[in-house]
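Structure first, commentary second.
Please treat every number below as a calculation from the coordinates, not as lab data. If you're wondering where the values come from, they're calculated on a predicted model, not measured in any experiment. In this analysis, Cβ positions are derived from the backbone assuming ideal geometry, glycine residues included, and neighbour counts consider all displayed protein chains.
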Amino acid sequence: MSTAATTPVTTAKAAGTPARVWLLDFVLLAAIWGASFLFMRFGAKELGVFATSGLRVAIAALFLLPVLLLRGHGATLRQHWKLSFVVGILNSAIPFACFSFALLSITTGLSSILNATTPLFGAVIAWLWLKDRPTGSRAVGLLIGFAGVALLAWDKASFKPDASGNATGWAVLACLLATLCYGIAASFTKRYLSGLPSLVTATGSQLGASIVLVPLAWWFWPTQVISLNAWLTVIALGVLCTGVAYILYFRLIERAGPARALSVTFAIPVFALLYGGVLLGEAVTSWMLICGVVIIVGTSLSTGLVRFSRK
């Protein structure tokens with residue numbers, strides 16, 4: 001999941017759109033991106049990290065490219081392909097591989113909670129790179145958010161291999177590297193691709209990610225016969241969780257504005273925890289929930305979605 005490769009343009013129309021118009025898109029998007037952690041886990045278990053992430057971006061690119069061409073954005077993509085390809089490396093290639101690796105040893109719920117730190121890292125990168133300095137409640141939110149991450153990582157991260165040879169500490173760090181890349185991609189997009197149609201950035205980014213990941217997928221291709229379930233999993237990842245999800249996200253930006261669209265990150269763990277608990281029997285601890293709430297509160301404050309009011 002990513003909310004970074006977007007063009008954050010707010011319009012008066014979006015700001016005044018009734019909630020009933022965009023609420024269905026919001027819920028559907030959270031449900032789809034929540035399922036992406038489940039699909040990545042299934043895919044990585046059988047296909048491995050690079051085959052799963054490589055097939056995901058390649059299928060997404062094949063899905064989005066015809067849509068882009070039908071909307072007449074082919075020339076725009078050719079003009080900006082280099083920058084959009086860089087976004088693809090930061091916003092898809094590295095994060096998708098990191099989450100696929102992490103899900104080999106941690107639960108879908110935990111990885112989705114860590115994914116909710118994306119806007120938190122985005123605020124830090126924007127501060128350091130774009131000089132968008134957080135003040136007041138936003139600065140407090142950064143401290144709260146990172147405290148939640150530290151508490152969660154302290155409880156769940158262990159660098160001692162378990163019975164399967166996996167260490168959860170590396171998985172937690174992989175998730176945080178992914179969200180850091182999302183944050184860098186957001187500032188990169190704002191700095192160099194502002195005003196570019198979001199569909200162009202999304203399609204170009206998936207093509208760029210494919211250039212990086214497809215050769216790795218071929219090199220690390222599994223030796224065993226791939227089951228039908230595995231193929232269906234990566235197709236769902238590419239078409240539903242990447243291609244369709246991007247389209248829904250762009251429409252959500254148009255109808256509700258970027259601030260509300262960004263808040264979908266906080267709803268994703270609800271669905272990921274539900275899927276993991278029902279379909280995989282994953283345990284959800286009270287400590288995970290507490291840390292998740294702390295992270296979401298901190299992120300909401302740091303991004304300006306929630307502010308302290310002064311009377």
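When you take every Cα atom in region 78-125, what is the radius of gyration, and what is Dmax, the widest Cα pair distance, in Å?
13.5, 41
For region 42-184, what are Rg and Dmax over the alpha carbons, in angstrom?
So, for region 42-184, Rg and Dmax equal 17.8, 53 Å respectively.
For region 125-140 and region 211-244, what is the separation of their Cα centres, given in Å?
Region 125-140 and region 211-244 have Cα centres separated by 38 Å.
Given H placed 1.01 Å from N in the peptide plane, which residues other than close sequence neighbours of His73 have an amide H under 5 Å from its amide H?
Amide H neighbours of His73, under 5 Å, 5+ apart: none.
Arranged from highest to lowest average of other beta-carbon atoms within 10 Å per residue, in what order do the peptides 56-66, 224-234, 23-33, 90-100 appear?
Details: 56-66: 22.2, 224-234: 14.1, 23-33: 18.9, 90-100: 27.0.
Peptide ranking by packing, descending: 90-100, 56-66, 23-33, 224-234.
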